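Note sheet for the following structure.
The values are calculated or read from the model by the stated rules, or taken from the named source; none is laboratory data. All values derive from a computational prediction rather than experimental measurement. Reconstructed Cβ throughout: ideal geometry from the backbone, glycine too, with neighbour counts over all protein chains shown. Calculation scope for accessible area: heavy atoms of the full protein, side chains included, ligands and nucleic acids excluded. Shrake-Rupley method; radii C 1.70, N 1.55, O 1.52, S 1.80 Å.
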Amino acid sequence: MPPRKTSWPPPYAVRNSRSPLKALFRRDRLRFLAVILLGCIGIIYLLGHLFSSDSSEVIPAGTPLVVIVTVINESWDPAFVEKIKKNRRDYAARHGYTTFFPSTTDYNLKNSPLSWSKVPAMRHAITLYPSSTYFWYLDPTALIMNHSLSLTGHIVDKEHLESLMIVNKPVVPPDSVIKTFDHIKGDRIDLVVAQDRDGLCQSSFIIRRGEWAKYFLDAWFDPLYRSYNFQKAEGHALEHIVQWHGTILAKLALIPQRTFNSYTHNPLGTDIAGMYSEGDFVANFIGCDRDGRSCVDEMQPFFDLLEGKGPGKSDD
């Protein structure tokens, strides 16, 4: 006979196997954690790709290291414009660089001043030369005078750039509360701009190709900034975003003005450190296209110097 059941059964039966529902919950939790982990890895990768340069990238043979960009105003005399183009081409040929000459009419600026065209022109150049490393914008009112100086050796090489950088100083002189960083290495710089005593000299600047460069140019050309009607148009917009966007300031190097943007004209009539001197890299006739001045008349003696045996043709 089978044994008689007890009158006092245990309150809970002992489970001999794992609950299927509990196992399902555990699998869902692990799957959720895996998705979160992959998402974090993806974000870290994208941020690293956006704000760093890939030194291991293979650049196709024959790619120019530097692209010189100058936006041409079609209303200027064609013969004079050709002289400006030749100035860039002669310099580029000497160092294995190339040039790009878009027109102010190539871009839809709507009601913005024509000087804004330099920003989409740089974005355009990066698209046309996706493997070139440096893009140097130079206003048409400037001339490259010392052709013996390469852009790399004179400015953007890591050690030399670090020796030029203006650190822990107001971004916009004389008393901006935002100052340049003092701990950035030269190989982390993606934007090089000179500084005069009034602000940033956007008539000559250098950008290093990368995702950050595209982000910077898109931010600078934002329609909101163009609608502000800044007194100095894109110049004041640049000063604004550099001072109030840390992701831009962290990639910026300010260098002395005469390094690549010496002025030939001083509107205030006083001696300033950025005035052109013989042997300087660039002579900028800033403002020669307005206020009753003539770029043709002011620049012609310098064209004559370049065609002769001046410092611009030195074989040193």
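How many residues are of a type in the set (V, I, T) and modelled with pLDDT of 95 or more if we restrict to the stretch 266-295?
Residues in the stretch 266-295 being of a type in the set (V, I, T) and modelled with pLDDT of 95 or more: 1 in total.
Cβ-Cβ under 7 Å, sequence separation 6+ or interchain: first residue in the stretch 204-222 and at positive phi, partner surrounded by fewer than 20 Cβ atoms within 10 Å (Cβ to Cβ) and of a type outside the set (F, W, Y). Which pairs?
Hits for this filter: G210/S53.
Here's a check for you: in the stretch 141-159, which residue that is farther than 21 Å from L238 by Cα and either polar (S, T, N, Q) or touching a Gly at 6+ places or on another chain (Cβ under 7 Å) (or both) is most open to solvent (accessible area, probe 1.4 Å)?
Looking at residues that are farther than 21 Å from L238 by Cα and either polar (S, T, N, Q) or touching a Gly at 6+ places or on another chain (Cβ under 7 Å) (or both), I get E159.
Residues that are at pLDDT 95 or above, closer than 26 Å to R226 by Cβ and under 17 Å from the mean Cα position of the chain (by Cα), at least 2 per element: which strands (runs of 3 or more DSSP E) completely within the stretch 41-159 meet that?
66-69, 134-138
Tell me whether the stretch 203-223 contains one or more residues that are polar (S, T, N, Q) and modelled with pLDDT of 90 or more.
To start, the set of residues in the stretch 203-223 that are polar (S, T, N, Q) comprises 203-204.
Restricting the remaining residues to those that are modelled with pLDDT of 90 or more gives 203-204.
The answer is yes, given that some residue of the stretch 203-223 is polar (S, T, N, Q) and modelled with pLDDT of 90 or more.
Would you check which residues across the stretch 227-239 are on the phi < 0 side of the Ramachandran plot, open to solvent by 60 Å² or more (accessible area, probe 1.4 Å) and not charged (D, E, K, R) and list them?
Taking the stretch 227-239 and keeping what is on the phi < 0 side of the Ramachandran plot, we get 227-228, 230-232, 234-239.
Add one more test, that the residue is open to solvent by 60 Å² or more (accessible area, probe 1.4 Å), and what stays is 227-228, 231-232.
Result: S227, Y228, Q231.
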